[in-house]
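Remarks on the structure that follows.
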Amino acid sequence: MLNALLTTIQSTFALSKSFLLGALLPVVLFALASGAVLRGEQAAFAAWTGQLVGGSATLQGVVAVAVLLAAGYVLSSVAPFLTELLEGKHVPWIAYLLPRTPWENLKRIEEKLNDCQEVLRTLERRPRPGAKPVYLIWEEHLRVSRGFGNRAGASAYAAGSPAAREIAALRGLMAASRTLPLARLQRAVVSLGRELATGNANLAAEQSRLLNRDHGLLLEAITYVRERQRSDQMALYNLRQFSFPYVKRKYGAASPVNVIAPTALGNITRTARSYTLARYGMDLDIFWTRLQRAVQKDEKFYSGLQDSKTQVDFLVALCWLSGLFSIVWGVWLALTSTSLTKFLLVGIAGPALARIFYLLACYAQRVFSDLLRSTVDLFRFDLLTMLHLPLPPGSSEEVAVWTDLRDRMGLDIDTGITYKHPP
């Protein structure tokens with residue numbers, strides 16, 4: 001009977017992967033962990049689980065499965081609320097228990113981003129109108145200096161010279177994939193320029209070969225610092241964009257989406273809405289349920305979107321259940337058990353797992369938010385077509401369209417809208 005019931009449950013929920021993985025599986029894992037603790041403390045419970053596994057307590061097994069299903073359904077019903085709690089909503093003090101991303105983290109990213117931009121501005125700055133950028137001036141200085149040196153005698157360049165030491169330090173930083181300080185790079189250019197101007201780097205002597213090698217390394221370092229700063233600039237920009245909400249000023253800096261959430265998960269969740277507002281003037285909070293109808297036409301894409309959301313729900317549920325496990329069984333063991341080891345294990349493992357699952361939920365939410373951005377990029381015009389609206393010819397007109405729709409649908413502001421009905 002129990003096997004038949006399980007088979008029926010499996011076939012019934014086969015189409016609801018989100019329920020099975022996002023709600024029922026976390027409840028089952030919580031029940032198994034709780035059962036393991038109780039089995040080691042209560043002989044009667046251990047005997048009952050033995051009968052259940054042996055198949056002699058079928059009715060009780062049916063009741064247990066029904067309880068698990070009911071618990072899973074309740075968990076799936078409250079999952080949005082539990083996620084919002086981890087985002088810092090409703091109960092503010094919960095945010096103090098979670099890894100946070102306060103203003104200081106955002107400021108640190110902004111400072112690093114500004115540093116990258118300042119380095120690039122320095123390298124590409126032209127000392128006067130019509131002059132070459134600084135990095136090209138450095139390269140030309142080395143080339144001209146080498147031209148003077150080619151008419152000189154043998155080079156006295158040595159590995160212990162100031163220029164050689166500077167270049168060796170730069171080479172070490174490049175090998176470690178680290179940023180090159182501009183001051184050190186400039187000192188190397190000046191020092192090696194003197195060496196190139198006083199010695200021939202084209203001879204077969206050891207000093208000339210060393211000078212020629214370091215000349216090539218320094219040119220490589222000048223290219224490296226520009227490419228590295230551009231790469232770091234893009235990485236920092238993406239980190240800010242995918243971790244914190246941001247809306248361009250021209251689309252409304254006063255929007256509440258600019259308010260930083262008290263938790264990492266809250267900030268990551270807000271990035272999708274801020275992206276659509278910044279690029280298209282589209283408020284995802286208003287249009288997401290309508291947009292899903294357009295996305296469902298692409299079954300593969302919609303399935304991937306649902307799977308990504310299920311991962312977030314699964315990890316959020318495990319985060320809460322890990323905390324609940326630690327509280328419930330920590331208190332119970334403190335009152336009834338004589339095993340200090342079990343108490344410490346439950347008291348330490350529960351919060352540690354809750355933190356790990358929270359951090360994994362943040363990562364999964366980052367992936368899901370990226371899919372939301374892709375969803376808007378790919379399907380927003382399909383939504384306009386479904387709403388019988390003409391497609392905008394340009395980006396400015398598109399912002400106006402979504403703004404008018406937001407005012408009409410979300411803010412109950414009477415805006416004039418012209419429809420385009422199919423023939």
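A few notes on this one:
- Sequence-distant contacts, meaning Cα pairs under 8 Å at least 6 residues apart, place the relative contact order of the chain at 17 percent.
- Centroid-to-centroid separation of segment 169-203 and segment 321-378 [C-alpha atoms, Å]: 51
- Given charges at beta-carbon only (K, R positive; D, E negative), |dipole| of segment 160-254 in Debye: 580
- Label of the coordinate-derived value, percent of Cα pairs over 42 Å apart, listed as [x] 44; [y] 38; [z] 12: [x]
- Table column - 3J(HN,Hα) (Hz), segment 342-350, Karplus curve with 6.51, -1.76, 1.60, x for Gly and Pro: 5, 4, 5, 4, 5, x, 8, 5, x
- Other residues lying with their Cβ under 13 Å from the Cβ of Phe81 contribute a combined charge of -2, Lys and Arg counting +1, Asp and Glu -1.
- The angle separating the long axis of helix 103-124 from the principal Cα axis of greatest extent in the chain is about 30 degrees.
- Leading residue at positive end of dipole, segment 284-333 (Cβ point charges), from Val316, Ile327, Phe301: Phe301
- Computed label-point distance, nm, for sites Tyr419 and Met234 using a 7 Å Cα→Cβ extension: 4.5
- Under 23 Å, Cα to Cα: Lys pairs in the chain, sequence gap 8 or more or different chains: 11
- Neighbours of Leu389, meaning other residues whose beta-carbon lies under 10 angstrom from its beta-carbon, give a summed charge of 0 when Lys and Arg score +1 and Asp and Glu score -1.
- Among Gln233, Gln306, Gln296, the largest mean-square fluctuation in a Gaussian network model of the chain (Cα springs under 10 Å) belongs to Gln296.
- Only protein atoms count toward the accessible area here, which uses a 1.4 Å probe; on the chain, the carbon and sulfur part of that area reaches 61 percent.
- Inter-probe distance in nm under a simple model that places probes 7 Å from Cα toward Cβ, at Glu84 and Thr198: 7.4
- As a calculated quantity, the FRET efficiency between Ser77 and Glu110 at R0 = 60 Å, using C-beta atoms, amounts to about 0.90.
- Both numbers refer to the Cα atoms of segment 358-408; Rg and Dmax are 14.7, 43 Å.
- For segment 264-342, the solvent-accessible area works out to 46 Å² per residue, with a probe of 1.4 Å and every protein chain left in place.
- Rounded tilt (10° steps) of 264-280 against the dominant C-alpha axis of the chain: 70
- Global form of segment 116-248, assessed from the alpha-carbon gyration tensor, a/c cut-off 1.5: prolate
- Taking Cα atoms only, the orientation of helix 43-54 departs from the longest principal axis of the chain by about 90 degrees.
The values are calculated or read from the model by the stated rules, or taken from the named source; none is laboratory data. These numbers come from a predicted model, not from an experiment. Every residue, glycine as well, gets a Cβ built from its backbone with ideal geometry; the counts of neighbours run over all protein chains shown. The accessibility values were calculated without ligands, DNA or RNA, using every heavy atom of the protein model including side chains. Shrake-Rupley method; radii C 1.70, N 1.55, O 1.52, S 1.80 Å.
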